[in-house]
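The values are calculated or read from the model by the stated rules, or taken from the named source; none is laboratory data. Values in this document were obtained by computation on a predicted structure and should not be read as measured data. Cβ: placed from backbone, ideal geometry, glycine included. Neighbour counts: every protein chain shown.
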Amino acid sequence: MSEAATVPYWLDRAGAPARRPPLAGTVDADLLVVGGGLTGLWTALQAAEEGKSVVLLEGERLAFGASGRNGGFCDASLTHGLGNGLQRWPGELERLERLGRENLEAIEATIRAHGIDCGWEPTGTIAVATAEHQLPWLEEEAEAMRRFGWEAELLDREGVRARVNSPTYIGGLRSPGGCALVDPARLCWGLATAAESAGAVIHESTTVSSLAAEGEGVRAICPGGAVRARRVLLATAAFPPLVRAIRRYVVPVYDYVLVTEPLTEAQRDAIGWRGREGLSDVTNQFHYYRQTDDHRILWGGYDAVYDFGGRVTPERDGRPATFSLLEEHFHATFPQLGAIGFSHRWGGAIDTCSRFSALWGRALGGRAVYVVGFTGLGVGASRFGARVGLDLLDGLDTERTRLEMVRKRPNPFPPEPVRWAGITLTRRALARADRREGRRGPWLRTLDRLGLGFDS
Ligand SMILES: Cc1cc2nc3c(=O)[nH]c(=O)nc-3n(C[C@H](O)[C@H](O)[C@H](O)COP(=O)(O)OP(=O)(O)OC[C@H]3O[C@@H](n4cnc5c(N)ncnc54)[C@H](O)[C@@H]3O)c2cc1C
């Protein structure tokens, strides 16, 4: 493992664009977008296509944050899954599911319209059970999926192993619709080119250090210059926020990933998995895994780490104890792959909020809107988040802006040190529940009643 590269696999491939030059001087725009991940890029593209003059500033490189580090599961869900949606927005979940389905279709249509080569594979998913007590969960999930119009096929031990051969599987739930796999970095790069074709201007290596109201608009200050914009959309996810409110709602939670060496034809035969579905298990501490187009397996999840103070720093991108655990779990799942090596390992910060889905807020008297909090399921939802953010900045009254999910913000996290203590207690309680056949203890039941939670 020590020889594995510590850069995200997606950023370590051919096709990375040259760095766009940093901002120099002062420029004017209708809209300034801060952050060059999926949320910022979807905002820039949609706004430029509406005819707005758009400047996007990214402090590092495009896809530097979670958008270049994720598993590439592009899901239709806007609510971090049906279970969470049912718990929090039962009255509008049907609408949210329809909007999520339309959002996924619009992502695919954009990729096709702009010829974005990002390995889009509408494979669907299989959730796997590895213990008896998880089987009823799959049944419940299948029932909920069918209720909301999704196809769901329950698989028994033989059925699931016929699709993907692991001695740990005892059941599965296959959902062929609702999720595509994608190379998220190539998606970012393609969206950037599309946004530029529509007139947007993108600068990398340009960190916005402050924002202030100026007249009817906003002035953003960066080391090399400034942007005077009528409106600003903040898409800075888990990074140190430019407006204080974000810090109340969002904590950076680190998630870690391994990628194997390419599998040989014999190794591929040994595991089956010819449907190339996105896989995950159904425990609180879950793994997600998928194949890449060059026949590697990306294997991530399990630990979701919050460190006291919630800083986002490069040192946190590696965590040897988590990498070893992930490696051990991988070999237990696919023992037939023997001692296959890992070519890449990395970590990234997830913008976690207490309701596990995007949240929107206004700052600077409505001149700025922030869209953050996707909590580990933002690859697809980022486009919807961006669309709503633009609606809010334009003061539009739409089906989207009338959603309770959009109008109401989640419960904030308490300040430190209670924040760290609460999250640590919750992580331990979730791990304990996994060891006790899913039974939730008093702490988790209290949080459930309060609508508070911790997930990745
Ligand atoms: C390991 C991991 C696995 C994941 N797996 C999945 C998955 O399989 N499916 C899924 O749906 N989601 C997944 N996610 C979550 C998903 O990646 C995110 O929800 C999504 O990418 C969020 O995009 P974003 O643009 O909001 O944030 P980011 O991609 O984090 O972008 C924020 C950007 O803002 C920039 N920035 C911050 N501050 C400033 C500033 N002051 N000035 C200029 N630029 C600034 C940063 O440099 C960064 O590039 C995963 C996340 C991680 C970390």
Of all residues in segment 65-76, how many are part of a loop (DSSP other than H, G, I, E, B) and either within 15 Å of R186 (Cβ to Cβ) or more than 6 Å from the ligand (Cβ to nearest atom) (or both)? 5
Single unsatisfied condition, V164 versus (1) touching a strand residue (DSSP E or B) at 6+ places or on another chain (Cβ under 8 Å); (2) under 25 Å from F356 (Cβ atoms); (3) touching a residue at least 40 places away in the same chain (Cβ under 8 Å): (2)
I'd like to verify a number: residues in segment 354-375 that are in contact (Cβ under 8 Å) with a residue 60 or more places away in the chain, surrounded by 22 or more Cβ atoms within 10 Å (Cβ to Cβ) and either among the charged types (D, E, K, R) or within 20 Å of G36 (Cα to Cα) (or both), how many? 12
D455 meets each of (1) exposed (fewer than 14 other Cβ atoms within 10 Å of the Cβ); (2) within 16 Å of the ligand (Cβ to nearest atom) with one exception, condition (1)
Here the residues within segment 293-317 that are surrounded by 15 or more Cβ atoms within 10 Å (Cβ to Cβ), among the small types (G, A, S) and assigned to a loop (DSSP other than H, G, I, E, B) are A304, G310
Does segment 326-335 contain any residue that is within 15 Å of the ligand (Cβ to nearest atom) and surrounded by 15 or more Cβ atoms within 10 Å (Cβ to Cβ)? yes
Considering only residues that are assigned to a loop (DSSP other than H, G, I, E, B) and farther than 28 Å from V259 by Cβ, look in segment 79-110 and name the one that is nearest to the ligand (Cβ to nearest atom). T79
Can you tell me which residues in segment 197-240 are without any contact (Cβ under 8 Å) to a residue 24 or more places away in the chain and within 27 Å of the chain's Cα centre (by Cα)? S209
Quick check on segment 31-64: of everything there that is farther than 16 Å from H203 by Cβ and part of a loop (DSSP other than H, G, I, E, B), which residue is farthest from the ligand (Cβ to nearest atom)? G51
From the option list R387, R427, single residue qualifying as part of a helix (DSSP H, G or I), within 16 Å of the ligand (Cβ to nearest atom) and touching a residue at least 60 places away in the same chain (Cβ under 8 Å) is R387
With over 17 Å from the mean Cα position of the chain (by Cα), within 12 Å of the ligand (Cβ to nearest atom) and basic (K, R) as the only criterion, which of R311, R316 stands out? R316
Within segment 380-410, take every residue that is surrounded by 15 or more Cβ atoms within 10 Å (Cβ to Cβ) and among the polar types (S, T, N, Q) and give me the one that is farthest from E105 (Cα to Cα). T401
Segment 176-197 - residue that is over 19 Å from R19 (Cα atoms) and surrounded by fewer than 20 Cβ atoms within 10 Å (Cβ to Cβ) and, of those, modelled with the highest pLDDT: P176
